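Presented below is the structure to which this report refers.
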Amino acid sequence: MSNDWLRTDLWRAHVSWLSPPWVGGTEEGRRDFDAGRWMEVMEAGQYRTLIFYVKHHDGFCAYPSRFSTAQPERDFVGECAAEARRRDVRFLCYYSSFIDEVTGNEHPDWRVLGRDGAPAQVWSSGQWPGAYCCLNNPGFRELVLGQLTELRDRYQPDGFWMDVFEPMAGENCFCPSCRQKYRDQTGGDLLETQGDAWYQSCVVDLMREIRAIADGSERPCIVTANTGRHIAALDAYCDLLTHEAFTSTMISALGRGFRPLGKPFETTCRLYSAVGTWAIRGPERALLESMAAVVHGGACCQEVSPTHTGRFTDDAVERVAQVGRYIRGIEEYLVGTDPVFDAAIILPETSYGSTYDCPRPGGWDTVFTERDIPFGYVYPDGDLSPYQLVVLDGRVPADEALAERLADFVREGGSLIVEGQAAGFDTPAAPILAEVLGIGETSALGAGTYYLSGLRPDLAVGLGIDDQVVEAHAWRPTLNGAEALVTYRYEFAPRREGWRTYRNLPPAHAASSDPAISVNRYGKGRAMFVACALTTEQLRTRRYHEHDIREYSTQLAANLARFMLREPLLRGTTPAGVEVVVNRQDGRYIVHLLNHYMGGPYLDNREGLLKLADVCVSLNANRVGALGRAFEVADGESRALSVRRDGQWLEVTVPRLSVHGLIVCER
């Protein structure tokens, strides 16, 4: 039995059974737990993989552990593992790594300590006070490794799903064990350090030991860790990359961040509004969030919760069954695909592509998503060759190594957009990027209101005739070979110091000659410098509605990107709330449409409310070649779609789009 299922089983059950230690002593207790019934629910939900909470943050172990004083009434893990094995359902052990309230209360000296010697306060402290335990404490480390060894030897699970496997306080732990370990390793004082880099290295060392435990199993046992951030050294010991997410756009962003890493990945989303609550999500939102993971080549790990007594509600079972049937019905179009991209955004090494409030409104992420420019994320040392266009927008401070790689990319025919501060002023990377961008000395204009003037017709598509207003930091470069595409027009008069107004001052009658956006030919490629912070800062900050701040900046950024693309894959014909994902599979193209309007600000648990009609997708014939046929897969059936030719564009129209659309284009 191999681990190939990590790439082929795209629908998994994350059963978050929250039944804390005191529940066993109540009248209801855990009386509804029935391993046979649980497996019936797994089968009804089309699941082949079950992730079971063997220990949650409250410290309750669902099996009798010799390392725990509080023992369960029954061996819930053993019963469930045996029943899963009997029905050929994979069984993974979810394990809360460093948050353990029972252990933290029993052993206060095992807790993570701050610089002041008091227990570190982290996001979990409100719900599980004192639960954050230190991995370098010998007692706690023995408990973690001992319990994982118990689980391996008793139940032979198919994997360990390690939760919250990361430093959480933003600093190293300063408990006596950590200070002594640091002293033994370096001879220094841990109190003199900053950040959590050292403690993070300790997390990696612990994972190495966990990897060895898994490798000692009689059957293949995978390891994954939910860290909340990208730790490359940790990933090396993981078979699967995972992250939890709460909105369809966040899940999609995570998929784009995981995919270039080359490993199987999943995102965990919730059937309920939060862990441990019973407000079930509507059927269309549940489907949308599940599809947002699988269309990017990952798996959806759906978090479905039984009650504290061990009972699954009928609504929950039917909801996951609906989604499961849908995903299983289109598996052949999901497995074994490769992404087709136009552009890439460079991400920090520590990011997976999304945070809890990402993608940010108006960033290049949403520009590309809303304007049909297929894109992925790439890390500073990642392969740039799959992309026509790379964007450096300031999230990653460019060092010399990255600047040289970008220079090589452009020199060989690639396109580059550098925005504002990302040009690396006054850094060792600055001369390299300046040569690529064709700019010389650059001075800061500061934060203010600026108008962008003189846009060419192809850059002004969808923008009207007025100059575009920018309220952000801006810079004034001198050009050293680059061509000015757009210049600044300043406000008609200086503002008085301390003056407040709800309106911008109108632009001056005449535009300046100061370049705001320029382009330079470098080698076989081109590089663009956007000297104002077009997407990384808010525009029109004095408007009352947050969406107004990005309406025109999003369109302008999309126009700039299309200007820099040699052969864009898509023309940009779908509504802004519809995400287009294009994959390649065995000589055909698979086009997915995700209707994010279903997951926007107007959430509704009623079914079938919002459907879009006649959604057109335009593919570039120069990229995909001649299409022999196109068909839509919907409701378990294939329906032929007509392909219309408009110059270089091949147009295919989906008559109706609800949550997810699937178009198969064959040569």
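If I go through segment 577-597 residue by residue, how many of them are in a loop (DSSP other than H, G, I, E, B) and surrounded by fewer than 16 Cβ atoms within 10 Å (Cβ to Cβ)? Give the derivation first.
First, the residues of segment 577-597 that are in a loop (DSSP other than H, G, I, E, B): 577, 586-587.
When the remaining residues are screened for being surrounded by fewer than 16 Cβ atoms within 10 Å (Cβ to Cβ), the result is 586-587.
Residues meeting the conditions: 2.
Counting only residues that are crowded, with 18+ Cβ neighbours inside 10 Å and either touching a strand residue (DSSP E or B) at 6+ places or on another chain (Cβ under 8 Å) or not small (Gly, Ala, Ser) (or both), how many does segment 13-22 have? Steps first, answer last, please.
Let us first name the residues in segment 13-22 that are crowded, with 18+ Cβ neighbours inside 10 Å, namely 13-17, 19.
Going one step further and asking which of them are either touching a strand residue (DSSP E or B) at 6+ places or on another chain (Cβ under 8 Å) or not small (Gly, Ala, Ser) (or both), we end up with 13-17.
Adding up the residues that qualify gives 5.
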Fill in: Hits in segment 643-653 (condition: surrounded by 13 or more Cβ atoms within 10 Å (Cβ to Cβ) and either outside any strand (DSSP E or B) or within 28 Å of the chain's Cα centre (by Cα) (or both))
Gln648
Worksheet item: When only residues in segment 63-86 that are among the basic types (Lys, Arg) and either under 33 Å from the mean Cα position of the chain (by Cα) or not in a loop (DSSP other than H, G, I, E, B) (or both) count, which is surrounded by the fewest Cβ atoms within 10 Å (Cβ to Cβ)?
Response: Arg86
Fill in: Selection count, segment 7-21, where residues are assigned to a loop (DSSP other than H, G, I, E, B), over 13 Å from Tyr95 (Cα atoms) and among the aromatic types (Phe, Trp, Tyr)
0
Item to complete: Could you tell me whether segment 245-266 includes any residue that is part of a loop (DSSP other than H, G, I, E, B), on the phi > 0 side of the Ramachandran plot, touching a Phe, Trp or Tyr at 6+ places or on another chain (Cβ under 6 Å) and not assigned by TED's automatic domain parsing to the domain that holds Leu594?
Response: no
Item to complete: With the condition kept exactly as written, say whether any residue in segment 326-339 is assigned by TED's automatic domain parsing to the domain that holds Phe529 and among the basic types (Lys, Arg).
Response: no
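Looking at segment 224-236, can you tell me whether even one residue there is touching a Ser or Thr at 6+ places or on another chain (Cβ under 7 Å) and in a strand (DSSP E or B)?
Pass one, segment 224-236, residues touching a Ser or Thr at 6+ places or on another chain (Cβ under 7 Å): 224, 226, 229-230, 234.
Remaining after also requiring in a strand (DSSP E or B): 224, 226.
Within segment 224-236 (the criterion being touching a Ser or Thr at 6+ places or on another chain (Cβ under 7 Å) and in a strand (DSSP E or B)), the answer is yes, since at least one residue qualifies.
Restrict the check to segment 444-454 and report whether at least one residue is surrounded by 15 or more Cβ atoms within 10 Å (Cβ to Cβ), out of contact with any strand residue (DSSP E or B) (no Cβ under 8 Å at 6 or more places or on another chain), of a type in the set (A, V, I, L, M, F, W, C) and in the same structural domain as Leu505 (by TED's automatic domain parsing).
Filtering segment 444-454 for residues surrounded by 15 or more Cβ atoms within 10 Å (Cβ to Cβ) gives 445, 448-454.
Next cut, out of contact with any strand residue (DSSP E or B) (no Cβ under 8 Å at 6 or more places or on another chain) only: none.
So far as segment 444-454 goes, no, none of its residues is surrounded by 15 or more Cβ atoms within 10 Å (Cβ to Cβ), out of contact with any strand residue (DSSP E or B) (no Cβ under 8 Å at 6 or more places or on another chain), of a type in the set (A, V, I, L, M, F, W, C) and in the same structural domain as Leu505 (by TED's automatic domain parsing).
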Fill in: Complete set of residues in segment 25-47 that are surrounded by 17 or more Cβ atoms within 10 Å (Cβ to Cβ) and assigned to a helix (DSSP H, G or I)
Ala35, Trp38, Met39, Val41, Met42
Discussion item. Restricting to segment 598-621, name every residue that is without any contact (Cβ under 8 Å) to a residue 60 or more places away in the chain, surrounded by 13 or more Cβ atoms within 10 Å (Cβ to Cβ) and farther than 17 Å from Leu657 by Cα.
Written reply: Leu619, Asn620, Ala621
Fill in: Failed item in (1) closer than 19 Å to Leu534 by Cβ; (2) at pLDDT 90 or above, with Gln421 passing the rest
(2)
Item to complete: Would you check if Thr369 is hydroxyl-bearing (Ser, Thr, Tyr), buried (at least 22 other Cβ atoms within 10 Å of the Cβ) and not in a strand (DSSP E or B)?
Response: yes
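Residues are listed down the side, and each one gets a yes or a no for (1) within 27 Å of Cys80 (Cα to Cα); (2) out of contact with any Cys (no Cβ under 9 Å at 6 or more places or on another chain); (3) free of Cβ contacts under 8 Å to residues at least 12 places away in the same chain; (4) of a type in the set (A, V, I, L, M, F, W, C):
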site: Gly126; (1), (2), (3), (4): no, yes, yes, no
site: Gly130; (1), (2), (3), (4): no, yes, no, no
site: Asn137; (1), (2), (3), (4): no, no, no, no
site: Glu142; (1), (2), (3), (4): yes, yes, no, no
site: Arg152; (1), (2), (3), (4): yes, no, no, no
site: Phe160; (1), (2), (3), (4): yes, no, no, yes
site: Cys178; (1), (2), (3), (4): no, no, no, yes
Worksheet item: Given the structure, is Val122 among the hydrophobic types (A, V, I, L, M, F, W, C) and surrounded by fewer than 22 Cβ atoms within 10 Å (Cβ to Cβ)?
Response: yes
Worksheet item: Is at least one residue of segment 420-437 touching a strand residue (DSSP E or B) at 6+ places or on another chain (Cβ under 7 Å), part of a strand (DSSP E or B) and in contact (Cβ under 8 Å) with a residue 12 or more places away in the chain?
Response: no
Worksheet item: Can Val367 be described as outside the structural domain of Asn620 (by TED's automatic domain parsing) and at pLDDT 95 or above?
Response: no
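Assigned to a helix (DSSP H, G or I), touching a residue at least 60 places away in the same chain (Cβ under 8 Å) and in contact with a Leu (Cβ under 6 Å, 6 or more places away or on another chain), is that true of Leu206? Quick ask: steps written out before the conclusion?
Working: assigned to a helix (DSSP H, G or I): yes; touching a residue at least 60 places away in the same chain (Cβ under 8 Å): yes; in contact with a Leu (Cβ under 6 Å, 6 or more places away or on another chain): yes.
Yes: the conditions hold for Leu206.
Whether any residue in segment 150-170 is in the same structural domain as Gln71 (by TED's automatic domain parsing), of a type outside the set (D, E, K, R), part of a helix (DSSP H, G or I) and more than 14 Å from Arg111 (Cβ to Cβ) is what I want to check.
First, pick out the residues of segment 150-170 that are in the same structural domain as Gln71 (by TED's automatic domain parsing): 150-170.
When the remaining residues are screened for being of a type outside the set (D, E, K, R), the result is 151, 155-157, 159-162, 164-165, 167-170.
Restricting the remaining residues to those that are part of a helix (DSSP H, G or I) gives 151, 155.
Applying the additional criterion that residues be more than 14 Å from Arg111 (Cβ to Cβ) yields 151, 155.
Yes, the conditions are met somewhere in segment 150-170.
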Discussion item. Condition (residue is loosely packed, with under 13 Cβ neighbours inside 10 Å, modelled with pLDDT of 90 or more, not in a strand (DSSP E or B) and not polar (S, T, N, Q)) applied to segment 657-664: is it met by at least one residue?
Written reply: no
Practice prompt. Considering every residue within segment 397-405, establish whether at least one is assigned to a helix (DSSP H, G or I), modelled with pLDDT of 95 or more, under 16 Å from Ala516 (Cα atoms) and out of contact with any Cys (no Cβ under 9 Å at 6 or more places or on another chain).
Written response: no
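Filter segment 414-430 for residues that are β-branched (Val, Ile, Thr) and under 22 Å from Tyr450 (Cβ atoms); which is surrounded by the fewest Cβ atoms within 10 Å (Cβ to Cβ)? Don't jump to the end; show me each part of the working.
So in segment 414-430, the residues β-branched (Val, Ile, Thr) come out as 417-418, 427.
Right, trim to under 22 Å from Tyr450 (Cβ atoms) and you get 417-418.
Details: Ile417: 28, Val418: 26.
Residue satisfying both the conditions and the ranking: Val418.
The values are calculated or read from the model by the stated rules, or taken from the named source; none is laboratory data. It should be emphasised that the depicted structure is a prediction, and the values quoted were computed from it without experimental measurement. All Cβ positions, glycine included, derive from the backbone under ideal geometry; neighbour counts span all protein chains shown.
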